[in-house]
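The values are calculated or read from the model by the stated rules, or taken from the named source; none is laboratory data. Here the structure is a predicted model, which means the values were calculated and not measured. Positions of Cβ are backbone-derived with ideal geometry, glycine not excepted, and every protein chain shown enters the neighbour counts.
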Amino acid sequence: MPLEKNTIFRMPWSKNDNPIGWLEVTDICNLQCLGCYRQKISGHKTLDEIKHEILFLKKWRNVDNISIAGGEPLMHPEIMDVVAFIKQQGIKPIMLTNGVKLERQTVMELKKAGLAGFTIHIDSNQGRPQWREKNELETNDLRQHYADMIYDIGGLYVIFNSTVYPSTVQYIPEMVKWAQKNIDRVHGLVFICFRTAPLDEEITYQTGEEIVDARHLSYASEVAPDRNITSYEVYDLIKEHVPEYEASGYLGGTWKIDSIKWLAGAQIGSKKRVFGSIGPRTMELAQNGHHWFTGRYLAYLGESKVGRKIFLTSFFDKYVRAAHKAYWKDLLRHPLHVFDPVFVQSIGIIQAPDIMADGTADMCDSCPDMTYWNGELVNSCRMDEYRLFGGFVTVINRAEKEKAEVEA
């Protein structure tokens, strides 16, 4: 059954009331990911600058957590102080890292400083030493290493995200199945659909009336992919091979009525099998209920396990009801499974900005990853346009423009 936007819950997030604050402490990195949209321009921010941005996000964003990003944030010399300051503000600190500098002692120190969890970016197009010739399934060994290490320390959650390319989209179902087998220690997956700014003689980039050189952007490329992966395609692929998966919430685009920029879902299962997924009604309860009790919306459940309590929502959520039925059928066949813990594991899909025919970008409506820039909130995925050119870049496709003028 095809995915329909009107059958899932539209996240109630907004620019000033959003669970996520995006904090970039440095633009220095130790890898060169093909899908990266940041480049080294200014280096490490000072601790005072970082604290100012944290307080800004707290005041104007109403955040439940702050994603500490970069560059590679673990390269910042005062990263422990950053984590501790976020925790002091009553906000959950989340570390977005490629994991290169993530060792057991570092994890323990971050936990002591107040870190809530990790989002670790691993894919096969990062130029990692010893992993250059590995595909997405082979890099599961690296994911397993980090998942086991963090699980052994305890008290932290871990989510893995990967950029999806036309050449790697085929591996998504097996990555989901790997995560299901590790549902006790992998709290979620995020798939990010790759986009690039094509360098073509028919395309002009400009801010206002001024033409700019897009070659300065890290995400500009003369070799564009043969097609763009969409959130619908990723959803369909997962659903085809992992029928227990279902989506429950989304964020749309700023222009296209049918685009889904953020697609969220969560599976319910044990180490032995997955029973099903939560539905839109449970997602709605989680968002609005959390806001009712805390004054903030929710993006991360945290390391603590929801467990069998998730089945309480089966009274009004048909998807959880089906999962609950599958759970009881499993117990009837295997009574000893009653001692197995039940987990909830999220699966997210992000579709990056798409360029419309008139050159404007279809961005994420109520973008969760907005960050501080000169006293304002801007989309983090396009902040280099501000840093290099002073504002958003408009794409002018001369061929498309001339065609439209002729048709008019």
Exercise for the section: Considering (1) at pLDDT below 95; (2) closer than 23 Å to Gly90 by Cβ, say which one Trp292 fails and leave the rest. Expected result: (1)
Problem - Selection within segment 55-71 - more than 20 Å from Arg382 (Cβ to Cβ) and out of contact with any strand residue (DSSP E or B) (no Cβ under 6 Å at 6 or more places or on another chain) - result: Leu55, Lys58, Lys59, Asn62, Asp64
Practice task
Would you point out the residue of segment 155-171, among those that are within 13 Å of Cys193 (Cα to Cα) and of a type in the set (Val, Ile, Thr), that is surrounded by the fewest Cβ atoms within 10 Å (Cβ to Cβ)?
Solution key: Val169
Practice task
Please enumerate the residues belonging to segment 312-333 that are in contact with a His (Cβ under 7 Å, 6 or more places away or on another chain) and touching a residue at least 40 places away in the same chain (Cβ under 8 Å).
Solution key: Asp330
Completion exercise
Of the listed residues (Asp184, Asp152, Asp200), the one being in contact with a Lys or Arg (Cβ under 6 Å, 6 or more places away or on another chain) and either without any contact (Cβ under 8 Å) to a residue 24 or more places away in the chain or not aromatic (Phe, Trp, Tyr) (or both) is Asp184
Handout entry: Residues satisfying the stated conditions in segment 41-61, i.e. farther than 19 Å from Met75 by Cβ and surrounded by 16 or more Cβ atoms within 10 Å (Cβ to Cβ)
Key = Phe56, Leu57, Lys58, Trp60, Arg61
Practice task
Please report, ordered by residue number, the strands (runs of 3 or more DSSP E) entirely within segment 346-398 with at least 1 residues that are under 18 Å from the mean Cα position of the chain (by Cα).
Solution key: 370-373, 376-379
Problem - Filter result for the condition that a residue is small (Gly, Ala, Ser) and modelled with pLDDT of 95 or more, over Gly265, Gly302 - result: Gly265
Exercise for the section: Return yes when Asn161 is part of a loop (DSSP other than H, G, I, E, B) and modelled with pLDDT of 90 or more and no when it is not. Expected result: no
Exercise for the section: Within segment 190-204, identify whether any single residue is buried (at least 17 other Cβ atoms within 10 Å of the Cβ), at pLDDT 95 or above and aliphatic (A, V, I, L, M), and answer yes or no. Expected result: yes
Handout entry: Any hit, segment 334-346, residues being without any contact (Cβ under 8 Å) to a residue 60 or more places away in the chain, under 16 Å from Glu246 (Cα atoms) and surrounded by 15 or more Cβ atoms within 10 Å (Cβ to Cβ)
Key = no
Handout entry: Condition met for Ile94 (in contact (Cβ under 8 Å) with a residue 60 or more places away in the chain, under 18 Å from Ile159 (Cα atoms) and crowded, with 18+ Cβ neighbours inside 10 Å)
Key = yes
Exercise for the section: Looking only at segment 360-396, count how many residues are acidic (Asp, Glu) and either within 13 Å of Lys261 (Cβ to Cβ) or surrounded by fewer than 18 Cβ atoms within 10 Å (Cβ to Cβ) (or both). Expected result: 4
